[in-house]
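S.K.: The structure's right below; bear with me while I get my questions together.
What follows draws every value from the coordinates through simple rules; no lab data is involved. Computed from a predicted model, the values in this text were never measured in an experiment. Because the Cβ atoms are built from the backbone with ideal geometry, glycine has one as well, and the counts that use them run over all protein chains shown.
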Amino acid sequence: MDKDILNEVIGAEKEIQEGIEREQSRLREAVQCAQREADDSVARAARECSESQGREVHAAQQEAEARSRKVVDDAAALAARLERLGDRELIDIVLKQLPRILME
């Protein structure tokens, strides 16, 4: 009888050990799956961040180009207007600005 009990204890112990091993295996798989999901999530976030940065850089470049075109256009318009001024008008402008120029 003692031998039967011992065999039952050993059998129960084996079942418990197998259950533990199955649970450990299941947990390892769950951890690996969670790790893959986390890696995918990080990669996706990095891509989205990179794409967002790219869009922001592109928008900033376009804005800078538009501002520089406006500056060039404004300068060209001013130069054209100044070219049309006669000598008398230029003298008047210089005389008007002369006190400020001399103060500096």
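S.K.: Output the 0 to 90 degree angle, nearest 10, between the alpha-carbon long axis of helix 2-83 and the longest principal axis computed from the alpha carbons of the chain.
M.R.: With rounding to tens, the tilt is 10 degrees.
S.K.: Quick one: compute a quarter of the convex hull surface over the Cα atoms of segment 1-46 and quote it in nm².
M.R.: With the hull built on Cα positions only, its mean projection is 2.5 nm².
S.K.: Relative to the first principal axis of the alpha-carbon coordinates of the chain, what is the inclination of helix 87-103, with its axis defined by its Cα atoms, in degrees from 0 to 90 and to the nearest 10?
M.R.: 60 degrees
S.K.: Also, quick follow-up: Could you give P(r) for segment 2-103, binned at 5 Å from zero, as whole percent values over all Cα-Cα pairs?
M.R.: In whole percents, the pair-distance histogram is 2, 9, 6, 7, 6, 7, 5, 5, 6, 4, 5, 4, 4, 4, 3, 4, 3, 3, 3, 2, 2, 2, 2, 2, 1, 0.
S.K.: Hey, got the dipole for the chain? About the Cα centre, +1 on K and R Cβ, -1 on D and E Cβ, debye to the nearest 20?
M.R.: Numbers: 17 positive and 24 negative charges, 229 e Å.
About 1100 debye.
S.K.: Could you tell me which residue out of 68, 16, 93 lies farthest along the dipole of segment 1-94 toward its positive end? Charges go on the beta carbon: Lys and Arg +1, Asp and Glu -1, centred on the Cα centre.
M.R.: In segment 1-94, that residue is 93.
S.K.: Still on this structure, please answer the following. Only sites in a loop by DSSP and with at most 14 other Cβ atoms within 10 Å count here; which trypsin sites (Lys or Arg not before Pro) in segment 59-104 make the cut? Spell out each step's value before the answer.
M.R.: Values: sites: 67, 69, 70, 81, 84, 88, 96, 100; in loops: 84.
Answer in residue order: 84.
S.K.: I've got another one for you. At 10 °C and 1.306 mPa s, grab the translational diffusion coefficient of segment 59-99 from Stokes-Einstein with a Kirkwood Rh over Cα pairs, rounded to a whole number in µm² per second.
M.R.: Details: Rh = 12.3 Å.
For the chosen part, D equals 129 µm²/s.
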